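Asks: Please see the structure below; I have some questions.
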Amino acid sequence: MTDRLTTKLPDYAALVEFLIAPLLDAPDTLRINCEYVRGNAGVLVRVAFDAADQGRVLGRGGRNIEAIRTVLNATAQQAGQTARLEVFGSPRPEREEQQHRRPDGDAPDRQTQVKRPLTERPTKPRRLDAESQ
């Protein structure tokens, strides 16, 4: 049985750099910080980069960043760890929702849209001839 402290841990910073750097216009702006938590049972990887590249890194609907998280989690599982990836400068849905709550904890009232009944299409305007006037 091997001890977690004696086994070689994956280089998470190099892995994340390998996955994110090709998506950036300026790879030198990429900053990565790895923090081991709970006695090396988990790792928290924080990344920061130029705001102009945020759309490419996150991807449409968050697909790119979720794929990067999947690779990171698979690598951590192989090492018997858990991993979490945080991107600085990107809004997280749970935080965004908390910001919109009232101080008393209730969600804000949302205006309800009144649905109008469908009516027939208006007829085309008729052309008035000089003779009819």
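Every read-out reported here was derived from the displayed coordinates using simple, explicitly stated rules and does not represent laboratory data. Only a predicted model underlies this, so the values are computations on that prediction, with no experimental measurement involved. Note that each Cβ is placed from the backbone with ideal geometry, even for glycine, and that neighbours are counted across all protein chains shown.
Asks: For Ala83, list long-range residues whose amide hydrogen, built 1.01 Å from N in the peptide plane, is under 5 Å from its own amide hydrogen.
Replies: Close amide H contacts, sequence-distant or interchain: Val43.
Asks: Kindly rank 59-67, 19-27 from highest to lowest mean number of other beta carbons found within 10 Å of each residue. Don't jump to the answer; show the numbers that get you there.
Replies: On the way: 59-67: 12.6, 19-27: 15.0.
So the peptides 59-67, 19-27, ranked by packing, come out 19-27, 59-67.
Asks: Quick one: work out the % antiparallel among DSSP beta bridges in the stretch 12-90, nearest 5. Show your work: numbers first, answer last.
Replies: Values: 7 of 13 bridges.
Rounded to the nearest five, the antiparallel share is 55 percent.
Asks: Continuing with the same structure: Enumerate by residue number the trypsin sites (Lys or Arg not before Pro) in the stretch 9-47 meeting two conditions: DSSP loop (anything except H, G, I, E, B), and at most 14 other Cβ atoms within 10 Å of the site's Cβ. Working shown, then result.
Replies: Details: sites: Arg31, Arg38, Arg46; in loops: Arg38.
Taking the stretch 9-47 and a limit of 14 other Cβ atoms within 10 Å, the loop trypsin sites (Lys or Arg not before Pro) found are Arg38.
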